[in-house]
Amino acid sequence: MKTCVMPPTPGALALAGALIRAARLVAFPTETVYGLGASALDDTGVANVFAAKGRPADNPLIVHVASPQDARFLVEWTAEAERAARHFWPGPLTLVLPARQGHATVAVRQPDHPVAAALIRAAERPIAAPSANASGRPSPTEAAHVEADLGGIIPLILDGGPTGFGVESTVLDLASTSPAILRPGGVTPAMLAEAGIHATTTPVVVSQGASPPAPGMKYRHYRPDVPVIMLIGGERHAGDALARWAREISEHGGRPAVVAFEREAAGPWPNVILSSPEEMARELFRLLRTFESDADVILVEAPRPEGIGLAVVNRLEKASSAVLAEEDPLPEEIWRVRRSGA
Ligand code: TXA
Ligand code: MG
């Protein structure tokens, strides 16, 4: 199949709407990451999404709506949902609510992106969409990332330029006894609390100074083709630790790349020094995709796990094959998993 990449002109949007109504797939930008859309009202369209991504069947999709009114057709609209939507829609907050029919719950969100909104209007129906990456790969923040993963598999990518937040929406469970954040994202616990929604957060598994073992290889998430090593708890000497590891990898004939906040991490290896957790959220997935072709190991300094940093640490932890503190040595596995000269 030929994949067309088109700017979101009226003609392209009309074509996209027709494709969605015919149970075909359209990739489109949102304010978080690119989504892979199908008609939420069509089982064939939804099945096509799972097939295109190679996504496990037990991981449900978010339904994207044009307004809270549209969400009411799909879910039991509670007072808490109304409050959340009033404060954060359109925006990067997904609400898990009791379904009106079929499944027990449905996740809904109104994206804050003109192209996403125009696509829902053109399709004349809500759009079920996961992130538009091949299952297990870093989420796409540019049309080119979608093309790299799904080119030849889907008919159309609407190219709206780079996305804004760079990490996916916050998933807030409002169907259980008390509100719970199932996935941290652009809407932080503090922002929810300010709106009067007090949600429990799944604790960040990674704690300061600890160096837990590699996350299970069976759940691949956000992973580029080369190993990622995440440095946590690096307050004052993170840059030095990253430079030490990068030098060691170079000395063994490997090619390190570094993403950090501290200048000291720069060296004669590909590196990007970021100025804030917000910038890391925006750039992380793109940098993982860029460096997988230039490097054998990607070393990343984690932000503090607070605010948007919670979402970044959550994604990084899943992307990483090892989590280290600054005094730790590089793990033995790194020398085994490193691609041999490729
Ligand atoms: O920002 C985003 O949310 C992006 C853009 C495209 O909107 N979408 C996205 O979709 O990240 P996806 O499929 O990659 O992640 C959806 C998340 C998964 O963690 C899934 O398990 C959860 O939402 N989810 C979906 N329906 C659910 C439900 N009924 N109950 C609990 N979790 C649900
Ligand atoms: Mg995803």
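Read the figures in this text as sums done on the coordinates, not as results from a lab. Bear in mind that the values here come from a model prediction, so they are computed numbers and not experimental data. Virtual Cβ from ideal backbone geometry, glycine too; neighbours counted across all protein chains shown.
How would you rank 309-315, 95-101, 281-287, highest first, on the average number of other Cβ atoms within 10 Å across their residues?
309-315, 281-287, 95-101
Roughly what % of DSSP beta bridges within the range 4-194 run antiparallel, to the nearest 5?
60 percent
Using the Cα centre as the reference, give the magnitude of the dipole from point charges on the C-beta atoms of the chain (Lys, Arg: +1; Asp, Glu: -1; all else neutral), rounded to the nearest 20 debye.
Working: 31 positive and 38 negative charges, 199 e Å.
That gives the chain a dipole magnitude of about 960 debye.
Please arrange M1, M191 by counting, for each residue, the other beta carbons lying within 10 Å of its beta carbon, fewest first.
Starting with the residue having the fewest Cβ neighbours, the order is M1, M191.
Go through 39-48, 52-61 and give me the packing order, highest mean Cβ count within 10 Å leading. If you can, show how the numbers build up before the last one.
Values: 39-48: 17.7, 52-61: 14.3.
The densest-packed peptide leads the list: 39-48, 52-61.
Can you give me the C-alpha center-to-center distance between the range 237-277 and the range 79-149, rounded to a whole angstrom?
Cα centres, the range 237-277 to the range 79-149: 35 Å.
How large are Rg and Dmax for the range 4-194 when only the alpha carbon atoms are used, in Å?
15.4, 46
From the residues A295, T44, S135, which one has its Cα farthest along the dipole of the chain in the positive direction, the dipole being from +1 and -1 charges on Cβ of Lys/Arg and Asp/Glu about the Cα centre?
T44
Provide H198, H252 in ascending order of the number of other Cβ atoms located within 10 Å of each residue's Cβ, fewest first.
H198, H252
Regarding the chain, what is the average projected area of its C-alpha convex hull, in nm²?
Values: hull surface 67.8 nm².
So the Cα hull casts an average projection of 16.9 nm².
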